[in-house]
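J.: Would you mind keeping the following structure in view while I ask a few things?
The values are calculated or read from the model by the stated rules, or taken from the named source; none is laboratory data. These numbers were taken from a predicted model, which means no experiment stands behind them. Note: ideal-geometry Cβ built from the backbone for every residue, glycine included; neighbour counts use all protein chains shown. Heads up: the accessible areas ignore ligands, DNA and RNA and are worked out on the full protein's heavy atoms, side chains in. Shrake-Rupley method; radii C 1.70, N 1.55, O 1.52, S 1.80 Å.
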Amino acid sequence: MPSKTNAARICEQLGIPYRLAEYPVGEEHLSASEVAAIIGMPAEQVFKTLVARGDRTGVLLACLPAPVDLDLKKLAAASGNKRVELVDLAEVQPLTGYVRGGVSPLGTRRPFPVFIDETVEMWEEVSVSAGQRGTQLLIAPAGFIRAAEAALADLTQLPNYQVKD
């Protein structure tokens, strides 16, 4: 049985159903898309959590599907900032209490505003880090939004396609 994390405890306290999925981790960092393949979910249903800082609001979290990139301008607009930047990797653990590859939007060291990409509502169940590398929290989107006290927004960039003449 997977060990309970702060994210799992928060869901239990709120009465939100969830499941935990464990997977093996090695020394290397696994991308969210690699985690999706390991746990047998489409990458679009596995949400990664990125830590950013807005020029007006300070630290905030963005959750988006594994295979897409964050649009910083869209996150800035959604969060009431003029500009948003991703924080340096060295700041992630001191700010959140989580290591890279295990950042959950639930149970951070201090509460931060959370923004989840609106595509979350396309699925019956999504996966997000449970707060440690090697453990994913599988949860219904409505429960995820409620547990994270999140706002929904369009956060993703369209892929850059090369047009050939």
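J.: What number of residues within the stretch 31-47 are open to solvent by less than 50 Å² (accessible area, probe 1.4 Å) and either touching a residue at least 40 places away in the same chain (Cβ under 8 Å) or basic (K, R) (or both)?
T.: Total meeting the criteria: 7.
J.: What is the number of the single condition among (1) open to solvent by 60 Å² or more (accessible area, probe 1.4 Å); (2) aliphatic (A, V, I, L, M); (3) not in a helix (DSSP H, G or I) that L50 does not meet?
T.: (1)
J.: Here's something else I'd like to know. What are the residue pairs meeting all of these: first residue in the stretch 115-133, first residue free of Cβ contacts under 8 Å to residues at least 60 places away in the same chain, second residue part of a loop (DSSP other than H, G, I, E, B), Cβ atoms under 8 Å, and 6 or more apart or on different chains?
T.: F115/A150; F115/L155; E118/D154; E118/L155; E124/A140
J.: Pull up the stretch 134-150, narrow it to residues that are surrounded by fewer than 21 Cβ atoms within 10 Å (Cβ to Cβ) and closer than 17 Å to A32 by Cα, then point me to the one that is farthest from the chain's Cα centre (by Cα).
T.: G134
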